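Undergrad: Before we start, here is the structure in question, set down as structure tokens.
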Amino acid sequence: MKKFLWMLGALLLPAFLLAQTANTVLEGLVTEDATGEQLIGASVRILKKKQLVQLVVTDYEGRFRVALEPGQYDLQITYSGFLPLEITHVNVLAGKINKIDCALSSGMTLQEVTIAAYKVPLISQDKTSSGYTLASDNITGKKGRKNKRAKPPKTPKQKIPKNTLLTGRDTSHMDYQRENYSLIVENSFLESISNPVSTFSIDVDGAAYSNVRRYLNIGNKPPKDAVRVEEFVNYFDYDYAGPGDKTPFAIHVEHDTCPWAPEHRLLVIGLQGKKVELESLPPSNFVFLVDVSGSMSEPNKLPLVQSSLNLLVEQLRPQDRVALVVYAGAAGLVLPSTPGTEKETIRNAIQRLQAGGSTAGAEGIELAYQTAQENFMKKGNNRVILCTDGDFNVGISDESELVRFIEKKRESSVFLSVLGFGTGNYQDSKMQQLADAGDGNHAYIDKLSEAQKVLVEEMGGNLFAIAKDVKIQIEFNPNQVAAYRLIGYENRMLKREDFDNDAKDAGELGAGHCTTALYELIPVGQEIPEQSVTEPLRYQKTKLSAQAKNDELMLLKVRYKKPRFGATSKLIKMTVPTYTSPFVSNNFQMAAAAASFGMLLRSSEYKGNATFDTALELAQSAATRDPMGYRKELCGLIAKAKKIYTD
């Protein structure tokens, strides 16, 4: 009998322990110390014996919840613009919901800490995997060239307070003069009678929004040219229905009273890409191209790159492959193309990277494309993912030369995604041009929750193209529209003849992604701004066709190509009636809120009667549908901006 009971206990013990683990939870709330406001998207690293166990981000209520084994843990909590917090010796009791709440202080006093230069043997075999460790000061290039640059002197490490985790620095008085943004000259109103046709390339990027958020979160006004209004609009998801046929996207059009100019109309055009489950997406051939130069040594650069890429690694499937290329004084292959089943090998290769040296960015891009082509998947998704602050200072550093290089490489059907990191010398203009030239997208990662959004939640949209060279052309009916203005998209404007020219490059649309464009319309009978009125032509007269006298508002045309080796575009066209829906949709409110906020930050001459209060009111109305908390975050950001711009 005793033997039987002993055997029964041995059988039940694993199930008992499993039940204990399943019911053992650590949950908490992360807030701002001064105001008590919940911090959405704060990063919570959970460690046991100095080893990372779990990495989670707080939800739209500032909360996190994770199942753990009973034991003692350390927590490291970070959020952009706030001092990091480390909590040690947290006891997690078995079978209980263990609660721990914490508050972060504004990061205005943390001193800059320089990371010591990376010094390891040239190449050392990793005994636990097939990966290699390369020193950034001693990388061997693709042709075996060794960088002869002298090693930098040792940098003494500074002492860090015991309860401080190194993740950031005081940026309230940061010199941003080395950050680079392209000049934006806002689109003006054009008369429909003389300029009825408007043509542009789509844009799905949201980099400008997350970059501007970085400025606002530390109490600074962003540069006006850092605000690209279309990227504010496209940062957010919209509730558009997907295509019901074999077309890769559906087209949605809505127009109603313009919130900042009630005498005008606001036209919203949305393209919704076909949603595809991760398991059904084609296999991926990824090449991570990581800048490990000296400029990447700061905590919000290379360490954040590593954490971000690890999030993507967790999403890899057995059919996916990843290679890792780095560049500093030269470029080198750290990890050959490795299947997604070997996640630990890939993570180890990423974690061994450290920064130091100059920046041979062009050589790294060349090696990354070569690696992607050597492992090319004919029926798969082939993509280079570049992680950098954009500070290329060795090799091809001229922007136009780099762009031509990337344009030539895209003919191989290898896409380029560009992830920007860092503060102080962020080269936004250069990175945007590279992404555009590489038929890819550009995102700015200011915190780990943004990496979660870009690389996990929107993985299909950002990394799997379903249509490329997507162009939109609109012909407005002068009998209905006296003048129009495209809001944003200044660097995406195309000539009228570019629409039918399949050799002209345009933007890509990813699986499940949506892109939204706004026009402000001046109806016939309303006053047109004086600077928009053009003199009548001397030698020809403009006549309205019979179609212009009907109730059509405009003719909308869209061209696109298949993502892999698509040479000939397909055309979709539709007429849009003057009929107005009896109610304003949530999508309309969200797009209007984002656009008016962007125009306010730019101090746009076209902002009309928009204020931070009216933008907040629109955003709060749109936030009734907010599963991920991004719209609620926008509301908080508008409130911060109002304080910054009115104090």
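The values are calculated or read from the model by the stated rules, or taken from the named source; none is laboratory data. Quantities reported herein were computed from a predicted structural model and do not represent experimental measurements. Please note: Cβ atoms are built from the backbone with ideal geometry, for glycine as well, and neighbour counts cover all protein chains shown.
Undergrad: In region 303-335, how many are among the small types (Gly, Ala, Ser), assigned to a helix (DSSP H, G or I) and surrounded by 23 or more Cβ atoms within 10 Å (Cβ to Cβ)?
TA: So the answer is 1.
Undergrad: Does region 253-264 contain any residue that is out of contact with any Gly (no Cβ under 8 Å at 6 or more places or on another chain), of a type in the set (Ser, Thr, Tyr), under 26 Å from Lys642 (Cα atoms) and part of a strand (DSSP E or B)?
TA: Looking through region 253-264, at least one residue is out of contact with any Gly (no Cβ under 8 Å at 6 or more places or on another chain), of a type in the set (Ser, Thr, Tyr), under 26 Å from Lys642 (Cα atoms) and part of a strand (DSSP E or B).
Undergrad: Can you tell me which condition Ser603 does not meet? The list is (1) at positive phi; (2) without any contact (Cβ under 8 Å) to a residue 60 or more places away in the chain, and all the others hold.
TA: Condition (2) is where Ser603 drops out.
Undergrad: Another question about this same structure. Regarding Gln531, is this residue touching a residue at least 60 places away in the same chain (Cβ under 8 Å) and outside any loop (DSSP other than H, G, I, E, B)?
TA: yes
Results for (1) in contact (Cβ under 8 Å) with a residue 40 or more places away in the chain; (2) in the same structural domain as Thr78 (by TED's automatic domain parsing); (3) under 21 Å from Phe415 (Cα atoms), shown as yes or no for each residue.
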site: Ile269; (1), (2), (3): yes, no, no
site: Asn285; (1), (2), (3): yes, no, yes
site: Leu289; (1), (2), (3): yes, no, yes
site: Val292; (1), (2), (3): yes, no, no
site: Leu311; (1), (2), (3): yes, no, yes
site: Leu316; (1), (2), (3): no, no, yes
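Undergrad: Limited to region 479-494, what total is found for residues that are more than 20 Å from Ala261 (Cβ to Cβ) and not in a strand (DSSP E or B)?
TA: 4
Undergrad: Can you name the residue in region 23-44 that is in a strand (DSSP E or B) and charged (D, E, K, R) and, of all such residues, is surrounded by the most Cβ atoms within 10 Å (Cβ to Cβ)?
TA: Per the criteria, the residue is Glu32.
Undergrad: Continuing with this model, one more query. Could you check, for region 474-492, whether at least one of its residues is more than 12 Å from the chain's Cα centre (by Cα) and at pLDDT below 90?
TA: no
Undergrad: Right, something else. With respect to Asn587, is the statement that it is farther than 30 Å from Lys378 by Cβ and touching a Pro at 6+ places or on another chain (Cβ under 9 Å) true?
TA: no
Matching residues to (1) under 26 Å from Lys274 (Cα atoms); (2) of a type in the set (A, V, I, L, M):
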residue: Tyr484; (1), (2): no, no
residue: Glu490; (1), (2): no, no
residue: Asp505; (1), (2): yes, no
residue: Ala511; (1), (2): yes, yes
residue: Thr515; (1), (2): yes, no
residue: Pro523; (1), (2): no, no
residue: Val533; (1), (2): no, yes
residue: Arg538; (1), (2): no, no
residue: Thr542; (1), (2): no, no
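Undergrad: Are there any pairs, at least 6 apart or on different chains, whose C-beta atoms fall under 8 Å, with the first in region 411-433 and modelled with pLDDT under 90 and surrounded by fewer than 21 Cβ atoms within 10 Å (Cβ to Cβ) and the second aromatic (Phe, Trp, Tyr) and assigned to a helix (DSSP H, G or I), and if so, which?
TA: Ser412/Tyr369
Undergrad: Scan Ser188, Ser182 and give me the residue that is within 23 Å of the chain's Cα centre (by Cα), of a type in the set (Gly, Ala, Ser), not in a strand (DSSP E or B) and not assigned by TED's automatic domain parsing to the domain that holds Ala511.
TA: Every option except Ser182 fails the conditions.
Undergrad: Just a yes or no: is a residue in region 377-391 of a type in the set (A, V, I, L, M, F, W, C), at pLDDT 90 or above and out of contact with any Ser or Thr (no Cβ under 8 Å at 6 or more places or on another chain)?
TA: no
Undergrad: Now for a different question. Mind counting the residues in region 495-528 that are part of a loop (DSSP other than H, G, I, E, B) and acidic (Asp, Glu)?
TA: Here the count works out to 4.
Undergrad: So Ala94 ticks every box in (1) hydrophobic (A, V, I, L, M, F, W, C); (2) surrounded by fewer than 19 Cβ atoms within 10 Å (Cβ to Cβ); (3) part of a strand (DSSP E or B) but one. Which box is left unticked?
TA: (3)
Undergrad: What's the total number of residues in region 282-296 that are modelled with pLDDT of 85 or more and not in a strand (DSSP E or B)?
TA: 5
For every residue, the table says whether it meets (1) under 30 Å from Met377 (Cα atoms); (2) surrounded by 19 or more Cβ atoms within 10 Å (Cβ to Cβ); (3) among the hydrophobic types (A, V, I, L, M, F, W, C).
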residue: Met574; (1), (2), (3): no, no, yes
residue: Tyr579; (1), (2), (3): no, no, no
residue: Asp613; (1), (2), (3): no, no, no
residue: Leu618; (1), (2), (3): no, yes, yes
